[in-house]
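Trainee: Supplied in structure tokens, the structure appears directly below.
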Amino acid sequence: MTDRHLIELIDVSKEYAGDVALEHVNLYIKDGEFLTLLGPSGCGKTTMLRLIAGFIQPTSGRIEMDGVDIANVPPYKRKINTVFQKYALFPHLNVFDNIAFGLKIKKMDKALIKEKVEAMLELVNLRGYGERWIDQLSGGQQQRVAIARALVNEPQVLLLDEPLGALDLKLRQEMQVELKRMQQRLGITFIYVTHDQEEALTMSDTIVVLKDGEIQQIGTPTDIYNEPKNPFVADFIGESNIIPGIMLQDYRVRINNLTYDCVDAGFKKNVEVDVVIRPEDIDIIPPEKARIQGVVQSVVFMGVHYEVDVDCGGYEWIVHTTDYVAVGETVGIDIPPDAIHVMKKTRSMNIFDGIAYPDDRLVTIDETDFPAEIPASFNEKDELLVEIAPKDVQLLAPQDEGSQVTGFVKACMFLGTHYEVTVDCGENDWIAFSDEFMEDGEQVGIRVPADCIRLSAQSAD
């Protein structure tokens, strides 16, 4: 990997029929880098890949390769090849001809084609497989053929859109190692799309974490894991205990009414912060030796460690330990200073555009009427700003008659005392707090009491 910027996305946005898929993205990708775009479904990672490939065009912004704007360069003229999740191999051609397809289109000399294809078969550990048909191969072998077909054209950049998604766990883990080996041997740029944190941490030089079309953090796997920038990154990359705290001064933070030494500095005194503590960084010790004591609620064996849920007086800690503890046992929790990672406080709030109907004591949000206490300063059909705190959003069964709007859970993050739930309701996402975990895709209803809806005038541009 060099320091040369091979690809740059400069203030790139992409909209589909008014829906924002990417918003003002700025990113550079180095020559020879293994960069992974990581995030949940719908975060914009595949859109970014398709923009780089040239399959779609940005709504605004520039995409440059080697300092040249490639907006008007068609995909087949870009030194970029793509490997898709479904591989898109030709079933009527054998392995050799599948790999050679692009070279034959270029009318390359037959002897040179044979030389290049054989070299690719060697690279992907499929020597001697040239005469086999695609339906005679396993899923892992088919994936290797797809990679070989992409690489044989000697691209500067290889795009991989969740290529391991169809493989079983063991094969997926093996292919992670193989892909990294290939990339290092060839020295070309890999841009990899996945929602799997393990894949990203295992293979990448750089990880780009995306959420709702925006970049949340860019960094090495170590940086992303150990120093997450916000609760979303902390929760998405592995498991985390996310706790509200007060930064008293440099290297001193208060958590759950206890003061701890930490390794962070640069915050204002007595400012509210979020604190991340990884489960594997917590030690279980005898309760009489600990500042925090709690009762074990559950113990799950994860293969190499136990995942232990400890209730410490209303706050539940997740701990990973190799020592077995019994449910109901009282234990102590010890947190070393270097296990405490302090982040800026993020304040979640539902903020929507609305229309006032004072005569009916209603406010309309996304064509849904909500009873509200509307100040006398608003007139009929005035545009206004609606604010609703997540704690005031009530989650109901979708068939409940009290539901004012329904949607589907797209994220659920544990914050120690409660879950923060993001619900996709079509036009807007709603954020709510819940005492219970909710599965992605679960349908829920939403209700908001009238006295919990705060209204203000739209600010003038």
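Trainee: Please go through region 170-202 and give me each residue that is over 19 Å from ALA146 (Cα atoms) and in contact with a Ser or Thr (Cβ under 7 Å, 6 or more places away or on another chain), ordered by number.
Mentor: HIS195, ALA200
Trainee: So which of LYS381, LYS410 ends up being charged (D, E, K, R), at pLDDT 85 or above and closer than 30 Å to ILE277 by Cα?
Mentor: Every option except LYS410 fails the conditions.
Trainee: In region 374-424, how many residues are in contact with a helix residue (DSSP H, G or I) (Cβ under 8 Å, 6 or more places away or on another chain) and of a type in the set (S, T, N, Q)?
Mentor: 1
Trainee: Can you find even one residue in region 413-421 that is at positive phi, crowded, with 17+ Cβ neighbours inside 10 Å and in contact (Cβ under 8 Å) with a residue 12 or more places away in the chain?
Mentor: Yes, because at least one residue in region 413-421 is at positive phi, crowded, with 17+ Cβ neighbours inside 10 Å and in contact (Cβ under 8 Å) with a residue 12 or more places away in the chain.
Trainee: Separate question: Against the definition (among the hydrophobic types (A, V, I, L, M, F, W, C) and in contact (Cβ under 8 Å) with a residue 24 or more places away in the chain), how does VAL117 come out, yes or no?
Mentor: For VAL117, the condition - among the hydrophobic types (A, V, I, L, M, F, W, C) and in contact (Cβ under 8 Å) with a residue 24 or more places away in the chain - is met.
Trainee: Six or more apart or on different chains, Cβ atoms under 6 Å: show the pairs whose first residue is in region 238-256 and closer than 19 Å to ARG278 by Cβ and whose second is aromatic (Phe, Trp, Tyr) and part of a strand (DSSP E or B).
Mentor: The qualifying pairs are ASN241/TRP317; VAL253/TYR260.
Trainee: While we're looking at this one, here's another question. Which is in a helix (DSSP H, G or I), at pLDDT below 90 and assigned by TED's automatic domain parsing to the domain that holds SER41, of LEU112, LEU167, LEU126, LEU171?
Mentor: That would be LEU171, the only listed residue that is in a helix (DSSP H, G or I), at pLDDT below 90 and assigned by TED's automatic domain parsing to the domain that holds SER41.
Trainee: While we're looking at this one, here's another question. Of everything in region 332-349 that's modelled with pLDDT of 90 or more and assigned to a strand (DSSP E or B), which residue is nearest to VAL233 (Cα to Cα)?
Mentor: The extreme case among them is MET343.
Trainee: Which number in (1) crowded, with 18+ Cβ neighbours inside 10 Å; (2) touching a Leu at 6+ places or on another chain (Cβ under 6 Å) marks the one condition that PHE378 misses?
Mentor: The one condition PHE378 does not meet is (2).
Trainee: Return the residue satisfying two criteria in turn: it lies in region 294-319 and is of a type in the set (Phe, Trp, Tyr) and within 18 Å of ARG278 (Cβ to Cβ), and of such residues it is surrounded by the most Cβ atoms within 10 Å (Cβ to Cβ).
Mentor: TRP317
The values are calculated or read from the model by the stated rules, or taken from the named source; none is laboratory data. Given the structure is predicted, the values throughout are model-derived calculations rather than measurements. We place every Cβ from the backbone using ideal geometry, glycine too, and count neighbours over all the protein chains shown.
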